[in-house]
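The values are calculated or read from the model by the stated rules, or taken from the named source; none is laboratory data. From a predicted model like this one, the values you see are computed outputs, not experimental measurements. Please note: Cβ atoms are built from the backbone with ideal geometry, for glycine as well, and neighbour counts cover all protein chains shown. Only protein heavy atoms, including side chains, enter the accessible area calculation; ligands, DNA and RNA are left aside. Shrake-Rupley method; radii C 1.70, N 1.55, O 1.52, S 1.80 Å.
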Amino acid sequence: MLLRVLVFGLLQGFAVLLAELHRYLGVHTDEAKYLLNIPYPHPPLMRWILETTDGWQHQEIFWRIVFASLLTQGTWFVWDMGRKLHKDQRVTLCGLWLFSGALLLQAGTLFMPTITAIETLFLCWILQRIEFLKRWSALIPLLWLEMLFVAYQGILFAPLIFVALRQSGIAPWQRWSAFLIPIGLLALYTPTNPLTIVATGSVSGMSMGMPLEESVARVLKLWVIGGSMALSVLGLYGMVKSKQYPLVLTLMLVTAYIFVGFRSFYAILFTPLLIAGLLSAPKLLKSSAFLLALQIAAGTAIFLYVPFPEYSSARSVGDALRVAGVHGDILIAGSFGHEWQYLMPGPVKRYRPDFTNDAAAIVCLDRCVAIDRQAWQRFPQTTEEVWVKIRD
Amino acid sequence: MDNLSMQKLLWGVFWITSLAIGMVVAGRLWHMRLLADVSVRSRVQQSLQLVAKREGWLISDMSIRSVTPDAVIIEHRQHMRGRDPRVCVRIPLGTLEILPCTS
């Protein structure tokens with residue numbers, strides 16, 4: 001028991017460290033979108049949950065710790081999935097999860113694939129616990145509904161859901177309704193949010209026109225990050241060798257999805273599938289000490305050498321304006337991400353010279369024309385060109 | 001509570017949640033049914049882009065509530081930390097004025 005408490009504490013400490021790292025790095029435009037419940041691109045469930053804490057001063061770090069904890073504490077599922085293995089092999093399996101490049105890079109970020117990944121890990125775990133699955137068959141339709149209304153990429157895991165429903169021993173009509181109704185509801189929801197369609201189109205359009213070899217290289221890079229190479233290779237080999245077709249099909253769907261709409265934070269979608277793939281051919285875990293050492297080295301190298309996304313100066317500008325007591329509309333010139341909405345002390349509008357009468361500050365990410373220097377003064381000590389209204 | 005009752009309860013939660021989502025979404029879809037027409041859709045899109053540019057609004061702050069043959073009703077919500085300023089406005093597609101929803 002004491003050992004379990006100690007491991008729990010260590011995993012939690014690891015989660016807090018990674019969450020703090022990402023808080024230090026900054027807020028990504030997609031993270032701000034979820035924290036503020038800006039209605040695209042994903043369905044509303046998780047962003048609505050995040051938004052309920054919008055008034056909290058420490059909202060951002062709270063959710064970073066929660067998301068990171070879900071991933072690190074997911075190790076308990078991995079531990080249980082390997083219950084038929086030798087203890088050394090179980091520890092190695094947990095090490096493969098914890099030191100996958102995707103977990104190291106993404107624990108502490110607030111992207112939806114993190115949630116999808118932990119849901120997938122739970123699904124892979126429950127598929128190994130048939131007795132539990134039969135006793136709690138109703139969890140699968142609820143999980144399916146939740147997965148789809150958290151993020152569109154949940155649909156990629158339909159083969160695993162279908163297998164889980166089949167193995168749960170419920171009547172065929174119940175199985176088909178539980179499988180199809182959540183998909184139908186998502187299909188019904190999508191046209192009610194036209195922004196989603198536009199955003200999804202623009203993301204998939206990003207890969208259009210890119211040379212084939214470059215698109216393939218990007219997918220391969222995420223597959224390597226997803227398992228820190230050792231798990232990437234063994235997980236894939238394991239699922240193919242043991243003919244785990246639902247896993248292989250799901251992996252193919254994830255690969256196709258990333259191929260069409262690449263985002264660096266999709267790497268985590270591979271990780272639970274690779275763990276399940278490796279477990280389906282446990283003989284591959286024979287040299288477990290070597291494998292664990294290799295994974296730790298590769299994971300650390302990925303963490304150190306794969307660059308984090310670039311963040312804007314929104315936090316420093318926002319903090320400076322807050323310290324200066326600026327309240328009211330903030331006008332921003334040039335293109336900007338949603339993190340500016342999240343971090344500014346007031347509502348954000350696009351800059352136009354005729355809006356300046358009602359504004360409190362102007363941030364010039366692009367050239368600002370016609371600023372009246374009688375009414376506005378340049379704000380010192382910020383990386384961007386910022387103007388605040390001169391008080392009477 | 002035994003396992004069977006718990007199972008029944010969870011299945012009940014699934015059916016009721018699905019029904020509730022279906023009803024809410026169907027209601028929203030009904031109010032936006034005119035968007036199924038390509039010409040209306042493109043007219044609404046152009047109108048919202050023009051209004052957003054004129055007002056300095058962000059497109060992502062505008063949520064369509066309903067569409068009629070001559071106007072679109074949107075909620076403009078300035079997303080920020082804490083309470084978001086929200087206003088419901090009616091935009092006639094001919095004049096692109098901003099009118100309160102109650103007008």
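In table form, for the structure just shown:
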| quantity | calculated |
| --- | --- |
| Residue match in the stretch A:166-180 (condition: under 25 Å from the mean Cα position of the chain (by Cα), within 14 Å of chain B (Cβ to nearest Cβ) and either crowded, with 21+ Cβ neighbours inside 10 Å or of a type outside the set (S, T, N, Q) (or both)) | yes |
| Criterion violated by A:Val91 - all others in (1) within 14 Å of chain B (Cβ to nearest Cβ); (2) out of contact with any Gly (no Cβ under 7 Å at 6 or more places or on another chain) satisfied | (1) |
| Residue count for the stretch A:330-379, restricted to those that are assigned to a loop (DSSP other than H, G, I, E, B) and open to solvent by less than 10 Å² (accessible area, probe 1.4 Å) | 2 |
| Filter result for the condition that a residue is touching a residue at least 24 places away in the same chain (Cβ under 8 Å), closer than 24 Å to A:Leu18 by Cα and open to solvent by less than 40 Å² (accessible area, probe 1.4 Å), over A:Ala281, A:Ala314 | A:Ala314 |
| Among (1) crowded, with 20+ Cβ neighbours inside 10 Å; (2) under 20 Å from A:Arg47 (Cβ atoms); (3) among the hydrophobic types (A, V, I, L, M, F, W, C), the one test that A:Leu142 misses | (1) |
| Within the stretch B:49-60, tally of residues that are within 9 Å of chain A (Cβ to nearest Cβ), touching a strand residue (DSSP E or B) at 6+ places or on another chain (Cβ under 7 Å) and in a helix (DSSP H, G or I) | 1 |
| Residue check, B:Val13 outside any loop (DSSP other than H, G, I, E, B), β-branched (Val, Ile, Thr) and surrounded by fewer than 17 Cβ atoms within 10 Å (Cβ to Cβ) | yes |
| Wholly enclosed helices (runs of 4 or more DSSP H) of the stretch A:1-82 bearing at least 3 residues more than 13 Å from every other protein chain (Cβ to nearest Cβ) and open to solvent by 50 Å² or more (accessible area, probe 1.4 Å) | A:2-25, A:75-81 |
| Single unsatisfied condition, B:Asp2 versus (1) at negative phi; (2) facing chain A (nearest Cβ under 7 Å); (3) surrounded by fewer than 15 Cβ atoms within 10 Å (Cβ to Cβ) | (2) |
| Residue list for the stretch B:5-42, restricted to those being over 16 Å from A:Asn193 (Cα atoms) and facing chain A (nearest Cβ under 7 Å) | B:Gln7, B:Leu10, B:Trp11, B:Val13, B:Phe14, B:Thr17, B:Ser18 |
| Pick from the stretch B:61-85, criterion more than 8 Å from chain A (Cβ to nearest Cβ) and among the polar types (S, T, N, Q), ranking: surrounded by the most Cβ atoms within 10 Å (Cβ to Cβ) | B:Ser66 |
